[in-house]
Amino acid sequence: MAASVKVAVDFGRADIVEPFVRHVSRRHFLKQTKVAIGGSVALSAAAYLPDAFAASDPTKQQGGPARGYGDRASYEHSARLITPVGHDTTTASYTPLQDLHGSITPSSLHYERHHAGVPQIEPKAHRLLIHGLVERPLEFTMSELQRFPAVSRVHFLECSGNSLTEWAKPTGKTVQETHGLTSCSEWTGVLLASVLKECGIKPSAAWVLAEGADGARMTRSLPLDKCMDDVILAYAQNGEMLRPEQGYPLRLIVPGWEGSISVKWLCRLKVVEQPYQTREETSKYTDLMPDGTARQFTFVMEAKSVITFPSSGQTLPGPGFYEIRGLAWSGHGRVTRVDVSVDGSANWAEARLQDPVLPMSHTRFYFPWRWDGTAVVIASRCVDETGYQQPTREALQAVRGVNSFYHYNGIQCWRISPGGAVANV
Ligand SMILES: Nc1nc2c(c(=O)[nH]1)N[C@H]1C(S)=C(S)[C@@H](COP(=O)(O)O)O[C@H]1N2
Ligand SMILES: [Mo]
């Protein structure tokens, strides 16, 4: 490898940059790039091109062929973690949040939750029936739905069971296991309001029953107000048609609300007066309170954040500069602030938010930090545009007790021990 190594660092903070630049040497550089310390690095071309490439005719094709449908580099192996939830068809797969950059989840890594497996539905044969309290009951084909004015919006989805293992005490699990049931995509489709208006809503209507065409026939009741506001009948995700796991060819995207109400493989909407009290809103997806009563229809996913680097299961190579990175989101709108603590929640300082900060979307945050090599506990907490602040586990327990299952959004702490190992504490 050629010895000409030029390192340009642009962290924007002299106190972090200077020690790094002062001590930089070729050996140091090689060691540090292995741990992806960041900054911008320029090498001479000969330093990174294999000899064969540098020596041969650059006008002749030497690399692989073009491909009709792309795949990632053969060196990349990040994957969803698949766990059986109940009997063998109830499955969840968890997004590897620790490996992701920015705020969009690659479609192939979007978490999955399906109660009876993934059906294969032929789009030409698929229909959406809208009936009940409407002037004109109508059945739409996929191509008819695609003729309506389209919208593309970035929204997170989060299963209300995300982080449920953390209710009582820390579990030692990784961020993929504790928080991997949330993902964020750009969804394209037609506003449900446009299609409902086409059918003509009768005055007595107040709820809409949504049914999926999978084996589970997932069925949920949605308040009509939400349906007329921002609910999307989505057929595309991150620029291409939905993945089968995400509900191909048609699903609901109910922004900011618990994932289970975003019915996949959507085939029927019945406009009604009352919620239907289906299994998914009585025996499931209710919150058991300490006094023995249960909260029902707790739709909105409250503000939540988590540090994805460094996070449980990772190991820091040694003391020095790190950029703490994570994700924050709120079902009530935009995230307005994320604070990070690097001293066991004694002090908090504001993290930098990545623009654009979109409503009901994952928001990436960054926090520059110099680790001195001692044992520390790091954590993040977020505030949303309603002023609500993400609570501690203790604060949540004080209100909700420990019988609750769904809707855990407590502050997540990671401990870094002197050897660099990061653990869930
Ligand atoms: N038809 C149908 N819709 C469904 C489900 C299902 O099993 N069947 N699972 C729900 C649950 S519990 C969640 S959290 C989300 C998950 O969406 P995803 O798999 O695209 O992440 O879909 C919801 N919609
Ligand atoms: Mo879910």
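The values are calculated or read from the model by the stated rules, or taken from the named source; none is laboratory data. Values in this document were obtained by computation on a predicted structure and should not be read as measured data. Here the Cβ positions follow ideal geometry from the backbone for every residue, glycine too, while neighbour counts run over all protein chains shown. Ligands, DNA and RNA are excluded from the accessible area calculation, which covers all protein heavy atoms including side chains. Shrake-Rupley method; radii C 1.70, N 1.55, O 1.52, S 1.80 Å.
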What is the spin-label model distance, in nm, from Ser417 to Ala73 if the labels are put 7 Å beyond Cα along the C-beta direction? 3.2
Please give, to one decimal in nm, the separation of the simple spin-label points placed at Thr171 and Leu81, each 7 Å out from Cα toward the Cβ. 0.9
At 0.36 nm per residue, and after removing the present C-alpha to C-alpha distance, how many nm does the segment from Arg295 to Phe405 gain when stretched out fully? 38.4 nm
First measure r as the distance between the Cβ atoms of Arg370 and Ser345, then evaluate 1/(1 + (r/R0)^6) with R0 = 30 Å and state the FRET efficiency to the nearest 0.05. 0.95
Tell me, in nm to one decimal, what length is gained between Ser283 and Gln62 on full extension, where the rule is 0.36 nm per residue of separation less the Cα-Cα distance? 73.5 nm
For the chain, what is the charge dipole size about the Cα centre, in debye to the nearest 20, if Lys and Arg each add +1 at the Cβ and Asp and Glu each add -1 at the Cβ? 540
Set Lys270/Lys304; Lys124/Lys226; Lys202/Lys284; Lys202/Lys226; Lys169/Lys264; Lys173/Lys264 screened for pairs whose C-alpha atoms are more than 27 Å apart: Lys270/Lys304; Lys124/Lys226; Lys202/Lys284; Lys169/Lys264; Lys173/Lys264
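What number comes out for accessible area per residue over the range 285-425 if the probe is 1.4 Å? Units Å², please.
Details: 5610 Å² over 141 residues.
For the range 285-425, the per-residue accessible area is 40 Å².
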With all protein chains present, the range 162-296 has a carbon and sulfur share of its accessible area (1.4 Å probe) in percent of 49
In Å², and per residue, what accessible area does the range 61-134 have when probed at 1.4 Å with the other protein chains present? 61
For a quick check of your reading of the filter: which GluC sites (Glu not before Pro) in the range 198-307 sit in a DSSP loop and have no more than 16 other Cβ atoms within 10 Å? Glu273
Please give, to one decimal in nm, the separation of the simple spin-label points placed at Leu138 and Ala116, each 7 Å out from Cα toward the Cβ. 2.9
